[in-house]
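The values are calculated or read from the model by the stated rules, or taken from the named source; none is laboratory data. Since we're looking at a predicted model, the values are computed, not measured. Glycine also receives a Cβ, built like all others from the backbone with ideal geometry; neighbour counts cover every protein chain displayed.
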Amino acid sequence: MEQPLTKNIITGKTLSLKEYEQAGGYAALRKVLKNNAPQEVQQMVKDSGLKGRGGAGFSTGIKWSFVPMDEDARHPKYLICNADEMEPGTFKDRLLLEGNPHQLLEGMILAAYAIKADISYVFLRWAYRKAAEIMEKSISDAYAAGYLGKNILGTGWNLEMYLHTGVGRYICGEETALLNALEGKRATPRAKPPFPQVSGLYGKPTIVNNVETLCCLPHIINNGAAWFKSLSASEDSGTKLYGVSGKVKRPGVWELPLGTTMREIIEEYAGGMANGYRLKGVLPGGASTDFLTEQHLDIKMDYASVAAAGSRLGTGTMIIMDDATCPIGFVHNLQHFFAQESCGWCTPCREGLPWVEKILLGLEKGKGSTEDIELLQMHTQYLGPGNTYCALAPGAMEPLQSALKYFKDDFVEHIEKHKCPYEV
């Protein structure tokens with residue numbers, strides 16, 4: 001089983017520029033700068049079937065194709081790596097940032113070349129302090145080696161790169177809120193259209209891609225689109241970094257073929273449930289995805305299969321809820337997070353999420369009523385897709401609406417017993 005993204009990563013060690021080059025690093029960049037026009041690189045990525053690994057799952061090549069490429073296109077153009085990774089339960093990008101930073105940098109340079117970008121940014125989560133030190137040094141080393149700056153590898157193409165450390169707002173995972181934050185503004189989402197590919201950072205054409213997405217690019221260029229497709233166990237292409245957290249024997253993150261089943265990831269790689277616990281529910285792609293249960297364990301962890309089961313692949317990092325954990329308390333904890341992280345721009349999100357949190361807290365304290373269940377159901381509709389300015393509130397409603405679907409008996413028991421039945 002090939003693991004291109006993690007094959008050179010050793011726990012606790014960071015691959016240096018020299019070690020990365022010895023492992024074939026920057027060969028893809030040299031290859032395209034010598035042989036391929038930017039649009040040809042776009043086509044290679046489009047042919048590979050690479051989809052965004054940050055949660056949305058949109059075709060990377062198609063996303064790039066929306067950037068104006070004619071001589072009259074406005075410059076500077078921007079390429080931004082979203083390394084914010086604020087989704088609860090998600091820790092896959094940190095492995096790549098700390099373990100093999102030049103893999104990411106080469107991917108960013110390739111993406112920048114593909115859209116004729118002039119300036120690039122790594123937008124990094126504030127808490128990733130070790131990653132910040134590593135990325136700062138790696139960018140400096142790439143400049144010294146001629147992979148960044150003026151006249152890259154003698155081609156006449158210029159690319160500047162900067163590290164930007166965010167202040168820690170979940171909303172910056174939304175790409176237009178990230179752009180506002182980079183501009184020094186309040187991190188609120190923008191109206192679309194115009195889309196960032198046409199009018200993004202400072203009103204110029206901009207592409208925002210996730211860390212894992214960008215790390216795939218050198219391998220696609222070196223090995224070809226057909227090879228990348230062959231790595232998958234489903235109709236989607238490539239490998240995926242899957243993570244598992246919760247009461248399992250071996251929580252962690254693994255690179256596996258896209259389409260590996262949930263059961264295999266949890267039972268074989270994560271070692272199964274910890275002794276004395278049973279699986280009650282799974283958030284398959286981070287905190288803003290719908291619960292799945294034991295009946296779904298044999299589905300493939302790919303975009304279409306997880307969607308058909310009623311959830312989303314998201315970041316591919318599973319949060320396990322065990323049978324000793326109260327579903328209402330679990331969901332209340334998530335809603336507390338989402339309510340805190342709302343940017344406050346639109347009324348449904350700003351007012352609705354604190355209301356949801358208050359109702360759930362009342363249920364946990366034994367002060368709930370049957371009307372509360374109806375109110376929560378109402379919120380899942382009014383805070384759902386199409387009713388808010390961005391996807392934060394609809395994402396927050398996914399664990400709630402699925403908890404009401406699969407664990408409704410727990411809600412009723414809280415009301416009837418006037419307390420949390422999970423309390424010791």
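Miscellaneous remarks
- The set of residues in the range 97-134 being under 19 Å from residue 157 (Cβ atoms), of a type outside the set (Asp, Glu) and not in a helix (DSSP H, G or I) consists of 115, 116, 117, 119, 120, 121.
- Segments classed as helices (runs of 4 or more DSSP H), wholly inside the range 1-65, with at least 1 members that are under 29 Å from residue 86 (Cβ atoms) and either assigned by TED's automatic domain parsing to the domain that holds residue 80 or among the hydroxyl-bearing types (Ser, Thr, Tyr) (or both): 17-22, 38-48, 60-65
- Among the residues making up the range 96-126, those that are at pLDDT 95 or above, charged (D, E, K, R) and over 19 Å from residue 255 (Cα atoms) are 106, 116, 118.
Each row is one residue, and each column tells you yes or no for (1) outside the structural domain of residue 77 (by TED's automatic domain parsing); (2) basic (Lys, Arg); (3) crowded, with 19+ Cβ neighbours inside 10 Å; (4) modelled with pLDDT of 95 or more.
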site	(1), (2), (3), (4)
130	no, yes, no, yes
133	no, no, no, yes
142	no, no, yes, yes
146	no, no, no, yes
153	no, no, no, yes
161	no, no, yes, yes
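- Residues of the range 64-98 satisfying the condition of being farther than 17 Å from residue 195 by Cβ, crowded, with 21+ Cβ neighbours inside 10 Å and out of contact with any Lys or Arg (no Cβ under 6 Å at 6 or more places or on another chain): 81, 83, 87, 89, 90, 92, 93, 95, 96, 97
- When the range 163-177 is filtered for residues that are surrounded by 14 or more Cβ atoms within 10 Å (Cβ to Cβ) and farther than 16 Å from residue 77 by Cα, the ones remaining, listed by number, are 163, 164, 165, 166, 169, 170, 171, 172, 173, 174, 177.
- Inspection of the range 237-255 finds no residue satisfying the criterion of being part of a helix (DSSP H, G or I) and basic (Lys, Arg).
- When 400, 353, 375, 392 are checked against the criterion of being within 23 Å of residue 87 (Cα to Cα) and either without any contact (Cβ under 8 Å) to a residue 60 or more places away in the chain or β-branched (Val, Ile, Thr) (or both), 353 stands alone in meeting it.
- When the range 142-159 is filtered for residues that are outside any loop (DSSP other than H, G, I, E, B) and either in contact with a Pro (Cβ under 9 Å, 6 or more places away or on another chain) or of a type in the set (A, V, I, L, M, F, W, C) (or both), the ones remaining, listed by number, are 142, 144, 152, 153, 159.
- Test: residue 321 is buried (at least 21 other Cβ atoms within 10 Å of the Cβ), within 29 Å of residue 11 (Cβ to Cβ) and out of contact with any Ser or Thr (no Cβ under 8 Å at 6 or more places or on another chain): yes
- Among the residues making up the range 274-289, those that are closer than 19 Å to residue 410 by Cβ and among the hydrophobic types (A, V, I, L, M, F, W, C) are 279, 282, 283, 287.
- Residue match in the range 48-57 (condition: modelled with pLDDT of 95 or more, of a type outside the set (A, V, I, L, M), farther than 25 Å from residue 137 by Cα and surrounded by fewer than 17 Cβ atoms within 10 Å (Cβ to Cβ)): no
- Every condition in (1) over 22 Å from residue 410 (Cα atoms); (2) under 20 Å from the mean Cα position of the chain (by Cα) is met by residue 269 except one, and the failing one is (2).
- In the condition set (1) closer than 27 Å to residue 263 by Cβ; (2) at pLDDT 95 or above; (3) of a type in the set (Phe, Trp, Tyr), residue 422 is compliant with all but (2).
- Qualifying residue in the range 362-382 (condition: buried (at least 17 other Cβ atoms within 10 Å of the Cβ) and part of a loop (DSSP other than H, G, I, E, B)): yes
- Among the residues making up the range 101-117, those that are buried (at least 24 other Cβ atoms within 10 Å of the Cβ), touching a Lys or Arg at 6+ places or on another chain (Cβ under 9 Å) and not β-branched (Val, Ile, Thr) are 101, 112, 117.
- Pairs, first within 12 Å of residue 318 (Cα to Cα) and touching a residue at least 60 places away in the same chain (Cβ under 8 Å) in the range 272-287, second among the charged types (D, E, K, R) and in a loop (DSSP other than H, G, I, E, B), C-beta under 7 Å, six or more apart: 285/312; 286/87; 287/87
- Residues of the range 391-409 satisfying the condition of being within 18 Å of residue 341 (Cα to Cα) and either more than 23 Å from the chain's Cα centre (by Cα) or surrounded by fewer than 22 Cβ atoms within 10 Å (Cβ to Cβ) (or both): 391, 394
- Which listed residue, of 384, 344, 352, is under 22 Å from residue 180 (Cβ atoms) and within 25 Å of the chain's Cα centre (by Cα): 344
- Selection of the range 263-279 for residues being among the basic types (Lys, Arg) and under 30 Å from residue 171 (Cβ atoms) yields an empty set.
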